[in-house]
Structures are given as C-alpha cells and as structure tokens.
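The values are calculated or read from the model by the stated rules, or taken from the named source; none is laboratory data. Just so you know, these numbers come straight off a predicted model, no measurement behind them. Cβ: placed from backbone, ideal geometry, glycine included. Neighbour counts: every protein chain shown. Side chains included, ligands, DNA and RNA excluded: accessible areas come from the protein's heavy atoms. Shrake-Rupley method; radii C 1.70, N 1.55, O 1.52, S 1.80 Å.
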Amino acid sequence: MERKAALITRPVLGIESSCDETAAAVLAPDGEILAELVLSQIAEHAVYGGVVPEIAARAHLSALPSLVREVLRRAGLGFSDLAAIAATAGPGLIGGLLVGTGYARGAAIAAGLPYLAINHLEAHALTARLPGLSERQPEFPYLLLLLSGGHCQCVAVEGVGRHRLLGATLDDAVGEAFDKTAKLLGLPYPGGPALEAIARAGDPARYPLPRPLLHRPGCDFSFSGLKTAVAQLVAAQPPGPLPQKLAADIAASFQAAVTDMLADRLEHALALLPAANTIIVAGGVAANDAIRTRLGEIAARRGKTLIAPPLRLCTDNAVMVAWAGIERLRAGLVDEISAPCRPRWPLEAL
Ligand code: KG4
Ligand code: ZN
C-alpha cells in the first residue's frame with residue numbers, strides 16, 4: 001500500500017458486491033451523493049431460505065456492469081471524470097468480491113485511476129462521518145455496533161484504517177439469530193422484519209428466554225443458546241402451524257431477550273471506550289425499532305449521541321464504499337492494483 005496524502009477534487013465511484021446486494025454509487029469529494037443504486041437479490045435467495053454464494057456471484061456478474069453505467073449516467077459523469085474507483089474487497093463471499101473488485105480494477109486500469117480495496121466493515125464504520133448524516137461529523141474515537149446478518153461486533157473506531165475490536169459474536173450473528181428464529185416460527189426469509197412485525201402484537205414477558213453472556217465482562221455476543229431455547233419451545237407445541245398469538249408471544253419474548261443482551265453489551269462497550277461520544281449502529285438489525293429505541297435510551301442516559309443512519313445507508317450499499325474510498329484517499333491510502341480479495345478480513349488487519 002502506497003501513502004501519498006491527496007487533495008481530492010473529483011468524484012469517487014464505489015462498488016459493493018460482498019453478499020447479496022449489488023450496489024454502485026458516485027460521491028462528490030465532499031461526500032455529496034451524486035447517484036446511488038442498490039439491487040437486492042433477496043427474491044433469488046428466498047426460495048433457499050438464505051444466501052446461496054454461486055447464485056449471488058452470478059447475479060452480481062450480470063447486474064454490475066449496467067448498474068455502474070447507470071450511476072455514472074445519472075451523475076452525468078464518465079470514468080475519466082473520477083478521482084478513483086473503490087470496491088469492497090472483503091470480508092464477504094469470494095465470488096461476489098471477485099466480480100466487484102475485478103470490474104473495479106479493470107476499469108481503474110483502463111481509465112488510469114487509483115484503485116481502493118475497501119474493507120466492508122470499515123465502510124460501515126466510516127458511514128457515520130458521511131457529511132449531512134448528523135449535526136456534527138463524529139470525531140474519533142467512536143463506537144460502532146455492527147448488527148447484521150453476517151456480522152455482529154463492537155468496534156472502537158479510532159481513525160481511518162485504525163480500528164480495535166472490542167467484542168464479537170461467539171456463534172451466530174444477531175441478524176442470523178433473527179432469521180433462524182423467524183424460520184422456526186414459520187416466517188419468510190429474511191426473517192428479521194417479519195419477526196419484528198408479529199412481535200408488535202406479542203407479550204414480551206410471556207417466555208423468560210435465556211440471555212447468554214448478560215452481565216459478563218467485555219462485550220462479546222452469543223445467540224445460539226437463545227435460538228436453541230426457542231427451538232425447544234416450538235418443538236414442545238402440538239404439531240402443525242403455531243397459533244398466531246403463540247408465535248407473536250415467542251417473537252416478542254425473543255426480541256426482548258436480544259434487546260436486553262444488546263443493551264448490556266453496549267453498556268460494557270461504553271465502559272471499554274469512555275472517550276467515545278458517539279455510537280453508531282449499522283447493519284440490517286439496526287432497522288429494528290425496539291432495538292434502536294433501547295440503544296438510544298442508553299446513549300442518552302450516558303450523554304452520548306446515537307447515530308442510526310437511514311436504513312438504506314445502514315444495510316449494504318455502495319455509498320459507504322465510495323465514502324470510505326474518499327476518506328482513505330484523503331489519508332493517502334491507495335492500494336496496489338494487485339491488492340487481493342479477502343473473504344476473511346478482520347478490521348484490525350487494516
Ligand atoms: O446488513 P444487512 O442488510 O445484510 C447482511 O447482513 O448482509 O442485514 C440483514 C439482516 C438480516 O438478518 C435481517 O433479518 C436483519 O438484518 N433485519 C432485521 C430487521 N430488518 C432486517 N432484524 C431485526 N429486525 C428488523 N426490523
Ligand atoms: Zn454489511
């Protein structure tokens with residue numbers, strides 16, 4: 001990696017293809033979103049009840065070129081107008097990463113532009129600094145709670161390229177726990193939003209489900225015990241579809257357990273990083289109202305600001321990739337065109 005601090009005067013193109021969203025965005029040097037598009041593959045994976053890597057890679061391959069052309073058209077730009085091309089290089093599914101970075105690298109070579117290999121987790125982490133998202137751009141260090149289907153971690157964001165993992169899940173990601181529990185309740189994939197919807201009519205106190213790691217030191221997470229408890233509860237019911245009221249009560253009890261666990265982990269994380277004045281929650285689970293509200297209450301009580309970006313910037317998107325590219329470019333962090341994809345790429349390895 002070369003370090004050459006740069007003043008950026010032209011827009012940056014970002015590409016995201018690490019999981020089941022194909023996305024492209026063009027941002028002005030000041031972070032203004034000139035154009036953005038996200039194509040979700042949920043419909044293609046739903047029949048299988050989860051993301052199928054080969055289907056995802058094929059879908060990225062067929063969608064990406066026209067998606068990039070379309071964001072450039074909407075921004076009124078060509079490749080030669082750009083300052084750099086940024087693509088998610090990991091962590092994620094190798095097929096999608098190869099498609100996105102292959103395209104980005106090819107275009108960068110053809111247009112003579114710098115290439116930026118973006119860590120997807122850093123992109124989520126730096127989204128909080130996107131101008132216009134909050135009253136004041138948060139200063140380092142701040143705390144990131146990444147709550148998605150593939151990731152569940154708590155990170156001290158100390159600077160561009162400088163992150164410290166404070167805790168992570170020991171088993172399932174929180175979104176995965178929502179999806180698996182929803183499946184047990186007979187709800188469609190992705191289960192998180194469906195589970196939240198039925199939980200609204202349920203009694204969260206009806207089933208006292210386990211809350212693994214509650215009050216334990218540190219801020220690791222664990223959800224498999226909770227999921228197993230729900231599986232046993234469902235298995236103990238008479239055969240056939242669960243009555244609506246019962247499913248709603250289980251969903252509400254599950255959501256209450258997860259909310260308690262996340263709240264406890266946030267308290268611990270804040271104790272580990274007292275200098276942080278801002279907390280950002282990212283990932284699809286940040287869409288959950290009960291969770292958002294509870295985390296917001298904890299932040300307020302401690303005099304901290306909680307930023308939950310709008311959903312389209314919370315879930316996988318390319319705006320965050322382009323923005324991370326701008327931040328890295330400014331810091332003089334440009335990658336070699338030969339930078340590899342890394343399906344596993346912990347933030348601390350940056
Ligand atoms: O960040 P994201 O869109 O993508 C990946 O993880 O790749 O997160 C998706 C996850 C899924 O597990 C989904 O069930 C969960 O976020 N999710 C929710 C809600 N909306 C999405 N979980 C709980 N409540 C929600 N409202
Ligand atoms: Zn993500």
Leaving out ligands and nucleic acids, note down the accessible area per residue over segment 149-234 with a 1.4 angstrom probe, in whole Å². 44
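On average, how much accessible surface per residue is there in segment 244-350, in Å², for a 1.4 Å probe, leaving out ligands, DNA and RNA?
Solvent-accessible surface per residue comes out at 36 Å².
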Quick query: amide H of PHE221 versus all other amide H atoms, modeled in the peptide plane; which residues come in under 5 Å with a sequence gap of 5 or more or a different chain? ALA168, THR169, LEU170
With a ≥ b ≥ c taken as the square roots of the eigenvalues of the C-alpha gyration tensor of segment 57-116, please select rounded if a/c is under 1.5 and otherwise prolate if a/b is larger than b/c or oblate if it is not? oblate
On the accessible surface of the chain, probed at 1.4 Å with all protein chains in place, carbon and sulfur together account for a percent value of 55
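Quantify how much of the Cα-Cα distance distribution of segment 157-279 extends past 25 Å, in percent.
So the pairs more than 25 Å apart make up 30 percent of the total in segment 157-279.
Please give the per residue volume of the convex hull enclosing the alpha carbon atoms of the chain, rounded to a whole number of Å³.
Hull volume over Cα atoms, normalised by residue count, gives 126 Å³.
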If you take the alpha carbon radius of gyration of segment 1-130 and divide it by 2.2 N^0.38 Å, what ratio comes out, to two decimals? 1.04
Which Cα, out of ALA59, LEU37, ALA89, lies furthest along the positive dipole direction of segment 25-92 (beta carbon charges, K/R +1, D/E -1)? ALA59
If contacts are Cα pairs under 8 angstrom and at least 6 residues apart, what is the relative contact order of the chain in percent? 26
Per principal axis, largest first, the Cα atoms of segment 248-350 extend in Å by 52, 34, 23
So in segment 56-154, what percent of DSSP beta bridges are antiparallel if you round to the nearest 5? 40
Taking Cα centroids, how far is segment 4-24 from segment 220-254 in Å? 41
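For PRO29, what is the net charge nearby, where nearby means another residue's Cβ is under 15 Å from its Cβ and Lys, Arg count +1, Asp, Glu -1?
Its environment carries a net charge of 0.
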Could you compute the net charge surrounding ASP264? Neighbours are other residues with a C-beta less than 10 Å from the C-beta of ASP264; K and R count +1, D and E count -1. +1
Where q = 0.11, 0.20, 0.25, 0.26 Å⁻¹, what log10 of I(q)/I(0) comes from the Debye formula for segment 111-190, counting one point per Cα? -0.42, -0.93, -1.13, -1.18
Please work out the C-alpha center-to-center distance from segment 166-210 to segment 115-135 and express it in whole Å. 27
Asserting the computed 222 nm helical MRE of the chain (DSSP H runs at least 4 long, -39500 (n - 2.57) per run, divided by residue count, to nearest 500) equals -13000 deg cm²/dmol
What is the local net charge at ASP249, summed over the other residues whose Cβ is closer than 15 Å to its Cβ (Lys, Arg +1; Asp, Glu -1)? +1
